[in-house]
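Contents: one structure, followed by commentary.
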Amino acid sequence: MVAFVSDAETGLRAIIAIHALRFGKALGGVRFYDYKNEGEALTDVLRLSRAMTLKAAINNIPLGGGKAVILGNSADYEGAEREALLKAFAKHLNTLNGEYYAAEDVGTTVADLSVMFEESPYVAGLPEHIEVIKRHDARWGSGDPSPVTAQGVFYGILECLHRLYPNKKLSEHTFYVEGAGNTGYRLARFLHQAGAGHLYVADINPHAIAMCLDEFRGKVTRVSTDEGREREVTVYAPCALGNVVNDDTIPKFNCKIIAGSANNQLGELRHGDLLHERGILYAPDHIINSGGLLNVANEIESKGHYDRPDVFRKLLNIRSTLGRVFDRSAGENRSPARIAEEIALRILELECEFKETRRRVW
């Protein structure tokens, strides 16, 4: 289902896409982004909603895939104007009768979700405790998902390093983190605290770069996006927007591993094959960046009684799932991207109970 949403009073223009409801209600973030046109926004929301379906399937999360995009520059909307826009969007969520739950994404925040929750119960990833007095409703939320996502990506990077360099220490490796926002910054912190050899970071936000330079002093270097992609590093971690692995960028890569938090890192599935041919190990993004989905899914499934320790226990499964995909990739000499996609799609094709489906596919 694709819904085109507009509101004349607030100027809201948005698109909501539900890709699949095979195993449960759809969950996906609300991206507030300044697209060039509606066609570009539609392409993005369709790709992102499909990626959420695959992510849920391969990570044993009984939910469907959905996504929403609000067209416009998020930074241009503040105060009462922003609240009115978000509330108008939330009212449209109610027309879907709970088939889609909205969460945080690029351009939106946990605070924005609180505003939406005033108009709709179909919002997840809320602050740790939120009350809506007029509805006499109280609920425990999962809060900012970026620390959980970053932790999961860190675990995934460890699995990649173990696969290629089982006898090397983290201090012997260098890392390029592209995008030092909420998740990228926290990933850089995890790597730094674990003893990474050196970090290279790129971001268009000077404040984000300044935070990294200050906290990781002596162990971090600022680079441009092009410099980072061409620099000889062990791991390239894309943590901003997607479509960073494509025909133009692949010949420039000088890394051994690509493992990051961005969604839809591959321009097309065949780009995963090209990485495999070049000997670059790719961690499929719908496995390695699933921490945020695990986090918000726990909030929904627990009906507001969020269990953080349970989420962090499940994060460890990211390593084992990647490991199984890498094993199959090595055995069949095919790219991890293609293997992971086939597994997720097969899970969706089989008409049986979710856990039994996964057992049969693996």
Quiz item: When a footprinting reagent is the concern and you count Cβ atoms within 10 Å, what order do Ser146, Ser261, Ser335, Ser320 take, fewest first?
Solution: Ser320, Ser146, Ser335, Ser261
Quiz item: Restricting the count to DSSP beta bridges whose residues both fall in the stretch 1-159, what percent are antiparallel, rounded to a multiple of 5?
Solution: 55
Quiz prompt | the chain: angle of helix 182-193 to the longest principal axis, Cα-based, in degrees nearest 10 | solution = 40
Quiz item: Where does each of Lys303, Lys55 land when they are ranked from fewest to most other beta-carbon atoms within 10 angstrom?
Solution: Lys303, Lys55
Quiz item: Length gain on complete extension for the stretch Ser171 to Thr109, per 0.36 nm per residue less the alpha carbon to alpha carbon distance?
Solution: 18.9 nm
Quiz item: With N residues in the stretch 234-362, what two-decimal value do you get for its Cα radius of gyration over 2.2 N^0.38 Å?
Solution: 1.14
Practice problem: Of the DSSP beta bridges with both residues in the chain, give the percent that are antiparallel, rounding to the nearest 5. | Solution: 35
Quiz item: For Ala330 and Glu40, what is the calculated FRET efficiency with R₀ set at 22 Å and r taken between the beta-carbons, to the nearest 0.05?
Solution: 0.05
Quiz item: Helix-derived [θ] at 222 nm for the chain: sum -39500 (n - 2.57) over DSSP H runs of at least 4, divide by residue count, nearest 500?
Solution: -14000 deg cm²/dmol
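Values in this text are rule-based calculations from the coordinates and carry no lab data. These numbers were taken from a predicted model, which means no experiment stands behind them. As a convention, Cβ positions derive from the backbone with ideal geometry for all residues, glycine included, and neighbour counts pool all protein chains shown.
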